[in-house]
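Derivation of every value follows stated rules applied to the coordinates shown; laboratory data play no part. What you see is a predicted model; the values in this text were computed from it and never measured. We place every Cβ from the backbone using ideal geometry, glycine too, and count neighbours over all the protein chains shown.
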Amino acid sequence: MAADDRLTEPASPDEVARRLRDAHRRVRALGLPIDAKKRLVRRLLAICDVSKRDLQYAEPRLAAFLDDLARLESNTPGGQNNGPGD
């Protein structure tokens, strides 16, 4: 799938479910304080809830959440695969 296919072709419910499941796993694996994880989980649960009623509305919110999650993963200890100086 090309990057801009998502702009014209909505994701299937199975694809959104897979991405939500992956996001939950990634949040659990983050090395953040419990309060920060709780905020992320609440945000993700809100996206899950909306996806049950309106998949097209939930898709861009999930994409934004995954972008934020990727930024958090790269800023947490162990979230980077590069050694010092790389």
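Filter the stretch 56-72 for residues that are over 11 Å from the mean Cα position of the chain (by Cα) and farther than 15 Å from residue 21 by Cα and give the result.
56, 57
Select from the stretch 35-55 the residues that are surrounded by 12 or more Cβ atoms within 10 Å (Cβ to Cβ) and either in contact with a strand residue (DSSP E or B) (Cβ under 8 Å, 6 or more places away or on another chain) or closer than 13 Å to residue 16 by Cα (or both) and list them in ascending order.
The answer is 44, 47, 48, 50, 51, 55.
When only residues in the stretch 47-65 that are assigned to a helix (DSSP H, G or I) and of a type in the set (D, E, K, R) count, which is nearest to residue 9 (Cα to Cα)? Outline the logic, then answer.
From the stretch 47-65, those assigned to a helix (DSSP H, G or I) are 47-53, 55-65; that's our starting set.
When the remaining residues are screened for being of a type in the set (D, E, K, R), the result is 49, 52-53, 59, 61.
Working: 49: 22, 52: 18, 53: 18, 59: 11, 61: 16 Å.
Top of the filtered list is 59.
Restricting attention to the stretch 6-55, which residues are of a type outside the set (A, V, I, L, M), within 26 Å of residue 74 (Cα to Cα) and over 15 Å from the mean Cα position of the chain (by Cα)?
6, 31, 33, 35, listed by residue number.
Go through the residues of the stretch 9-24 one by one and say whether even a single one is without any contact (Cβ under 8 Å) to a residue 24 or more places away in the chain, outside any helix (DSSP H, G or I) and surrounded by 10 or more Cβ atoms within 10 Å (Cβ to Cβ).
yes
How many residues does the stretch 25-34 contain that are outside any helix (DSSP H, G or I) and either free of Cβ contacts under 8 Å to residues at least 40 places away in the same chain or among the aliphatic types (A, V, I, L, M) (or both)? Please lay out each step first, then the result.
As a first pass, look at the stretch 25-34 and keep what is outside any helix (DSSP H, G or I): 30-33.
This time we only want the ones that are either free of Cβ contacts under 8 Å to residues at least 40 places away in the same chain or among the aliphatic types (A, V, I, L, M) (or both), so: 30, 32-33.
Number of matching residues: 3.
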